[in-house]
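Chemist: Starting off with a structure, shown below.
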Amino acid sequence: MATASFNMQSVFAAPSGGLSTRNIRNTKQLFFKRNAPVGVRCMAQGDPIKEDSSVPSTSAAQPQMPPSPPPVSKPKVSTKFRDLLAFSGPAPERINGRLAMVGFVAAIAVELSKGENVFAQISDGGVGWFLGTTALLTLASMVPLFKGIRAEAKSKGFMTSDAELWNGRFAMLGLVALAFTEYVSGGTLV
């Protein structure tokens, strides 16, 4: 490398413009040397590319080793409290969806049995039930996450984790729509 650098410097820094036959000859000998020990090793992953037989191989001197498959590893899941409850973490949407599903069913059930709207249910002792249910469902949802178990790993068949997320989303929308409709109409929905 040092000789190549020196030759390039001597070509460009020569007093006669650098294009003497001696400098060109030395550069040709350095860069176009035949049978130079050159080894090429491909580190690409995926499907191997078929080698063209018309192009001579420069790595004939080195034995070719079969490519080893990459190690299979499971992605590490974080069990830190801050990562679990982050905005894009696994807990917030799932916990809010579960609470909305319970809240929507409970609101409709009390409305059908007692005839009270959502705001009357909240002012009639519903805050205590809400806080108790929130604490219980949050704790029950966080325990598997602290152990590193995700809902996606346990979902099979009809009740998948995606179905739970969509049901929770619709329950959140339904609960807000129920409260808004009862506020605008001034009475119960049913």
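The values are calculated or read from the model by the stated rules, or taken from the named source; none is laboratory data. Note that the structure is a prediction, hence the values are computed from the model and not measured. Heads up, the Cβs are rebuilt from the backbone with ideal geometry, glycines too, and the neighbour counts pull from every protein chain shown. Note: accessible area is taken over every heavy atom of the protein model, side chains too, but ligands, DNA and RNA are not part of it. Shrake-Rupley method; radii C 1.70, N 1.55, O 1.52, S 1.80 Å.
Chemist: Can you tell me how many residues within the range 94-127 are part of a helix (DSSP H, G or I) and at positive phi?
Modeler: 1
Chemist: While we're on this one: Only one of (1) surrounded by 14 or more Cβ atoms within 10 Å (Cβ to Cβ); (2) closer than 19 Å to Leu99 by Cβ; (3) not aliphatic (A, V, I, L, M) is not met by Thr181, so which one is it?
Modeler: (2)
Chemist: Continuing with this model, one more query. Out of Arg98, Arg94, report the one residue that is in contact with a Leu (Cβ under 8 Å, 6 or more places away or on another chain) and open to solvent by 40 Å² or more (accessible area, probe 1.4 Å).
Modeler: Going through Arg98, Arg94 in turn, the sole match is Arg98.
Chemist: I would also like to ask the following. Among the residues of the range 154-165, is any of a type in the set (A, V, I, L, M, F, W, C), part of a helix (DSSP H, G or I) and open to solvent by 40 Å² or more (accessible area, probe 1.4 Å)?
Modeler: Let us first name the residues in the range 154-165 that are of a type in the set (A, V, I, L, M, F, W, C), namely 158-159, 163, 165.
Restricting the remaining residues to those that are part of a helix (DSSP H, G or I) gives 163, 165.
Filter once more, so that each one left must be open to solvent by 40 Å² or more (accessible area, probe 1.4 Å): none.
No, every residue in the range 154-165 fails to be of a type in the set (A, V, I, L, M, F, W, C), part of a helix (DSSP H, G or I) and open to solvent by 40 Å² or more (accessible area, probe 1.4 Å).
Chemist: Of Phe146, Phe170, which residue is surrounded by fewer than 16 Cβ atoms within 10 Å (Cβ to Cβ) and in contact with a Leu (Cβ under 9 Å, 6 or more places away or on another chain)? Spell out how you get there, then give the answer.
Modeler: Numbers: Phe170 fails: in contact with a Leu (Cβ under 9 Å, 6 or more places away or on another chain).
Every option except Phe146 fails the conditions.
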